[in-house]
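Report on the following structure.
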Amino acid sequence: MTQYQPFWWQTGIIYQVYPRSFKDNNADGIGDLQGIHEKLGYLSWLGVDAIWLSPIYPSPMVDFGYDISDFTDIDPLFGDLAAFDHLVQEAHALGIKVILDFVPNHSSDEHEWFKASRSSRDNPKHGWYIWRDPVPGGGPPNNWLSHFGGSAWEYDAGLGEYYMHTFHTTQPDLDWRNPLVRQAMYDVMRFWLNRGVDGFRIDVLPFLVKDENLRDNPLNPDWQEGAPYYLRIFRVYSENQPGIHRLVQELRQVAEEYSDRVLIGEIYLPYKELVRYYGDNLSGIHLPFNFQLILLADWRAEKIKDLVDSYEATLPVGAWPNWVLGNHDNPRVVSRLGPGQARVAQMLLLTLRGTPTFYYGDELGMHNVKIPPELAHDPQEKSSPGFGRDPARTPMQWDSTLNAGFCSPAAIPWLPVAEDYLQINVEEEKADPASMLTLVHELIGLRKAQPALHSGDYIALNSGTENCFGYIRKWVNQAFLVILNFSDQPRFFNLPDEFKQGRIVLSTYLDREGPVGPVKIELRENEGLIIEV
Ligand code: NOJ
């Protein structure tokens, strides 16, 4: 019998580091590579297998690193290539993989490529970006909108042409139909893969190919004043276009030049479209990010069960699932669900079938921080007030010293530290047997130690108990039952026969273990349990 050999990105746990906010080592109030290096011991203790770093490349920081002015260097704010190499080396020595953010859709307008592109219509790089003449009588080529407000087209008076920017005006879109752009960007991937990075999280992957004729997008009749302006249109012609899957295959081929690397895609699409990014015969990316737990408006057992079951049913044969609970673009899980349900959510994330991705600080229960308007940085806050992402990007809370140990007490952190940092921080929570961090640490330890939890089958149960979700994870002769109470009321759960002699191994309350009752088990409000047979 051949031994089942899973890849590290299947059994492992990914942890997103937002470098600006993780740990500042040089007292400028902004996190850096040396800071991440300093905290590798913590990440190793926590038990994560890979860190994904949001962009660390040279950037004017209009979109906090997602506006890149050089794809193959490190911004001095964060360090330099030597510091990066050292970080990769030390992470690898601890068994931690390093995944970089790859931002192929656009560069900064300060990138040399764009400067050349806009220098004249005859410049060889002119066609590296998407330039179009105004429509007859003047005005932008179509009705597409920028995510950061207004038209997706900016007029360049010198050239008499518009360039496209799906995001900020300073983030011009590269033209991926141009083979020279593709080759240059594949070389960017190789530059980092040669330095030993273990893969990429690919930014806005479905946006790379645009409609060939740049047709107008249809209007969204349900858009209401106050909602972000770019949602006024449906992105029918500006996202997920024919041709994208051929590109995805090319990206995969670059990764295949190396061994054991992973490609993860940022893709906000319904399951039917999402799973196409695995590619025919799994020739696409390894993990199209599954954001449905973030997007779910109605956090109820029935809805979550539907979500998990429909995902499982939609996955192509052999495709590996994944789940995400938070990231730098969305409100934090504690702020979405409240502290009780956030614990249930962590148990769900760490017991479902598929690679879990964490967002830094969620393991502590960090919540969104209200940012006064004068301290707001995010361009999205400026274009769509109230929808900014700064509140979920505040400094990591390490200890009870001033600035929560994120930066020296004398420095001013780039975003304010949450006011509850005296309780919600790594040092305090490590010492507290009932903390969120202790729960996450235990969940990770259990998942890593038990093949049923990291590699086993998923079997849904019809619990019949209102607002409770139960499922079994099974591997050879090992099985775990996970039961989660999504309500703020106690509930009785009927145990399946094989679990009547079972043993509780973990409660989200962290206060009970041991044999279960003979027939039913009582779940307290917001309680999740893992039961072993
Ligand atoms: C998606 C990133 O996650 C987000 O933070 C960024 O603003 C846009 N892409 C543009 O790169």
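Every number in this text was worked out from the coordinates using simple rules, so none of it is lab data. Since this is a predicted model, take the numbers as computed values, not measurements. No Cβ is skipped: glycine too gets one built from the backbone with ideal geometry, and neighbour counts run over all protein chains shown.
Relative to the longest principal Cα axis of the chain, at what angle does helix 301-314 sit, 0 to 90 degrees, rounded to 10?
Around 60 degrees separate the two axes.
Whole angstrom only: what separates the Cα centroid of region 400-419 from the Cα centroid of region 178-243?
Using only Cα atoms, the two centres lie 36 Å from each other.
Over all Cα pairs of region 112-164, how is the pair count split among 10 Å bins, expressed in % and running from 0 up to the last occupied bin?
26, 50, 24, 0
Non-local amide H neighbours of W52 (under 5 Å, H modeled in plane, Pro and chain starts lacking H): which ones?
Close amide H contacts, sequence-distant or interchain: Y15, Q16, V17, I99.
What list of ³J(HN,Hα) couplings, whole Hz, do you get for region 120-137 from phi and the Karplus terms 6.51, -1.76, 1.60, once you set θ to phi - 60° and write x for glycine and proline?
In residue order, the calculated couplings are 6, 5, 8, 4, x, 8, 3, x, 7, 10, 9, 10, 9, 6, x, 5, x, x Hz.
Arrange the following residues from fewest to most other Cβ atoms within 10 Å of their Cβ: S117, S283. Please list the in-between numbers first.
On the way: S117 27, S283 13.
If I rank by nearby Cβ atoms, fewest first, I get S283, S117.
List, in order, the whole-Hz ³J(HN,Hα) value for each residue of region 104-116 obtained from phi through the Karplus relation with A = 6.51, B = -1.76, C = 1.60 and θ = phi - 60°; use x for Gly and Pro.
Karplus-based 3J(HN,Hα) across region 104-116 equals x, 5, 8, 10, 7, 6, 8, 5, 4, 4, 6, 4, 5 Hz.
Counting pairwise Cα distances across region 417-533, what percent come out greater than 23 angstrom?
Every Cα pair in region 417-533 considered, those over 23 Å come to 34 percent.
How many times 2.2 N^0.38 Å is the alpha carbon radius of gyration of the chain?
0.99
Against the longest principal axis of the chain, how steep is helix 436-449, in degrees 0 to 90 to the nearest 10, with axes from Cα atoms?
80 degrees
Straight-line reach from K305: which lysines fall under 18 Å, measuring Cα to Cα and dropping same-chain residues less than 8 apart?
K305 reaches K272, K474.
Run down the lysines and flag those whose C-alpha is under 23 Å from the C-alpha of K382, throwing out any fewer than 8 positions away in its chain.
Within reach: K370.
Would you please give the residues with an amide H less than 5 Å from that of H106, counting only those at least 5 places away or on a separate chain, with H modeled from the backbone geometry?
Those qualifying (amide H under 5 Å, at least 5 residues apart or on another chain) are L174.
Compute the acute angle (0 to 90°) between the alpha-carbon long axis of helix 244-256 and the principal axis of greatest extent of the alpha-carbon atoms of the chain; round to the nearest 10°.
70 degrees
Express the Stokes-Einstein translational diffusion coefficient of region 1-156 in µm² s⁻¹, to the nearest whole number, given a Kirkwood radius over alpha-carbon pairs, 4 °C and a viscosity of 1.567 mPa s.
Using the Kirkwood radius from Cα pairs, D works out to 71 µm²/s.
For region 292-444, what's the relative contact order in percent, using C-alpha pairs closer than 8 Å and at least 6 residues apart? Numbers along the way, then the final one.
Numbers: 205 pairs, mean separation 30.3, N = 153.
Over region 292-444, the number comes to 20 percent.
Per-residue HN-Hα couplings for region 462-477, Karplus 6.51 cos²θ - 1.76 cosθ + 1.60 at θ = phi - 60°, whole Hz, x for Gly and Pro?
Values per residue, Gly and Pro as x: 9, 6, x, 9, 4, 6, 10, 10, x, 8, 10, 10, 10, 8, 6, 9 Hz.
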